[in-house]
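The values are calculated or read from the model by the stated rules, or taken from the named source; none is laboratory data. Worth saying up front: this structure is predicted, and the values here are computed from it rather than measured. Glycine gets a Cβ as well: all are built from the backbone with ideal geometry, and neighbour counts include every protein chain shown. For accessibility, only protein heavy atoms count, side chains too; no ligands or nucleic acids. Shrake-Rupley method; radii C 1.70, N 1.55, O 1.52, S 1.80 Å.
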Amino acid sequence: MTQTRTVTQTRTVTCPKDGEAAPLLELVETRARLGNREVLRGITFAVTSGEILGLVGPNGSGKTTALRCCYNALTPTGGAVLIDQADSTTLSRKDIAKTISASVQEPTVSAGLSVRESIALGRTPHRSWLDRSTERDTAIVDRCIEQVGLVELAGRDVSTLSGGERQRVSIARALAQEPKVLLLDEPTNHLDLRHQLIVMELLAELASAGLAVVVTMHDLRLAVEYCDNLAVLTEGELRACGSTVEVLDEPLLAEVFGIKARVERGVRPRMEILGLA
Ligand SMILES: Nc1ncnc2c1ncn2[C@@H]1O[C@H](COP(=O)(O)OP(=O)(O)OP(=O)(O)O)[C@@H](O)[C@H]1O
C-alpha cells in the first residue's frame, strides 16, 4: 500500500507503507518549539518493522528535533507521535523505553563506568530497580559489545575513550535495550570508514531481522546504500518523503542540498557526486 500526500504547494510525494504491517512509529503533523522558535512545522513520517528510514536535510533543518520528539525527549506542541499506534502522551517512560531506544549525538559519558557497565544500562527498562541482571542480560550485553567491535575495550573507563569509541558505546547501549524501533542521531559521526560500514551493515542486518530504524545522517551516499526510505527536512518542514531512490532526484539534490549528483538504481543503489549545483 502506498500513501500519497501533498507536502508543498508544488510537489506531491509518495510515502510507501507496508500494507501488512502497521507503523511502529509515526509522526503526524508534528510541531515543536525550541525557545521562542517553531523549529518543526508539521512533520509526518512513519516507519515499520524491517525498514530503515533516513532523516536527511541541511544543518538546522530539524532532524535532531524530530528524532527527540520520537522518544519523548521533547514534547511536541502540535500533531501527534504514535508509538506502536498508541499516542505517546498516554505511555509511561518505561513503556516507551521498552519499544524505542535512542543513540544521540555527543552522548554523555559517566566517568567511573566501564564500557560494559555503560552498555548494560540499556537493560534497565526491562527490569525493576531491585532486580539483579540475569544471564540473559549478560548475554545480550556481550552480543552488543561484539556487534560494535568493543570487545577489547570492554573493561575501559568510558571517560577515557575517543569520540568514535564513545559513539559505538552509545549505539551498543541502545541495542542492549532490545527495542522494536532504534533511533540513531548521526551514528557514523566520529567513526573511521571501516566502523561506519560495520555500523551500517549491522543496521541492515537488524532491520532484516525485523527492527525498525530511524537514522539521521549527512552522508547521502551511505543513505542511498542503506536507507529504504527517506524523509527530507528543510527549515522544519517535510520537503519530501518516500523511497530513497525516488526522493533523491537531481532537482531535489540541487535545491535542498546544493549539489549536483545522481543516484544509480540497482540491487544496491549508489550515488555519484559530481560537484556543487
Ligand atoms: N535551544 C534552542 N533554542 C532555539 N532554537 C534552537 C535551539 N536548539 C536548536 N535550535 C534550532 O532549531 C533548529 C533545528 O535544530 P536541529 O538540531 O533539530 O537541526 P538538525 O537538522 O539536526 O541540524 P544538524 O544537521 O546541524 O545537526 C536549528 O535552526 C537550530 O538552530
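Can you find a residue that is at pLDDT below 95 and open to solvent by less than 40 Å² (accessible area, probe 1.4 Å) anywhere in the stretch 18-38? Within the stretch 18-38, one or more residues are at pLDDT below 95 and open to solvent by less than 40 Å² (accessible area, probe 1.4 Å). Selection of the stretch 187-228 for residues being assigned to a strand (DSSP E or B) and either of a type in the set (Val, Ile, Thr) or in contact with a Phe, Trp or Tyr (Cβ under 8 Å, 6 or more places away or on another chain) (or both) yields Val213, Val214, Val215, Thr216.
Quick check: anything in the stretch 226-239 more than 16 Å from the ligand (Cβ to nearest atom) and more than 13 Å from the chain's Cα centre (by Cα)? Within the stretch 226-239, not a single residue is more than 16 Å from the ligand (Cβ to nearest atom) and more than 13 Å from the chain's Cα centre (by Cα). Is there a residue being of a type outside the set (D, E, K, R) and within 20 Å of the chain's Cα centre (by Cα) anywhere in the stretch 125-142? Among the residues of the stretch 125-142, at least one is of a type outside the set (D, E, K, R) and within 20 Å of the chain's Cα centre (by Cα), which makes the answer yes.
Would you mind stating whether Ile83 is away from the ligand (no atom under 15 Å from the Cβ), open to solvent by less than 10 Å² (accessible area, probe 1.4 Å) and over 23 Å from Leu220 (Cα atoms)? In short, yes. Whether any residue in the stretch 121-136 is surrounded by 20 or more Cβ atoms within 10 Å (Cβ to Cβ) and modelled with pLDDT of 95 or more is what I want to check. Looking through the stretch 121-136, none of the residues is surrounded by 20 or more Cβ atoms within 10 Å (Cβ to Cβ) and modelled with pLDDT of 95 or more. In the stretch 46-139, which helices (runs of 4 or more DSSP H) lie fully inside it and hold 3 or more residues that are in contact with a strand residue (DSSP E or B) (Cβ under 9 Å, 6 or more places away or on another chain)? Hits in the stretch 46-139: 63-70, 93-99. For the stretch 206-254, filtering for residues that are more than 27 Å from Leu175 (Cβ to Cβ) and not β-branched (Val, Ile, Thr) leaves 15.
Please find, within the stretch 159-203, the residue that is surrounded by the fewest Cβ atoms within 10 Å (Cβ to Cβ) out of those that are out of contact with any Leu (no Cβ under 7 Å at 6 or more places or on another chain) and among the basic types (Lys, Arg). Here the residue is Arg194.
Got a sec? Which of Ser114, Ser92, Ser103, Ser118 is more than 23 Å from Leu203 (Cβ to Cβ), open to solvent by less than 30 Å² (accessible area, probe 1.4 Å) and either touching a Lys or Arg at 6+ places or on another chain (Cβ under 6 Å) or not hydrophobic (A, V, I, L, M, F, W, C) (or both)? Talk me through it step by step, then tell me what you get.
Details: Ser92 fails: open to solvent by less than 30 Å² (accessible area, probe 1.4 Å); Ser103 fails: more than 23 Å from Leu203 (Cβ to Cβ); Ser118 fails: more than 23 Å from Leu203 (Cβ to Cβ).
None of the other options fit; the residue is Ser114.
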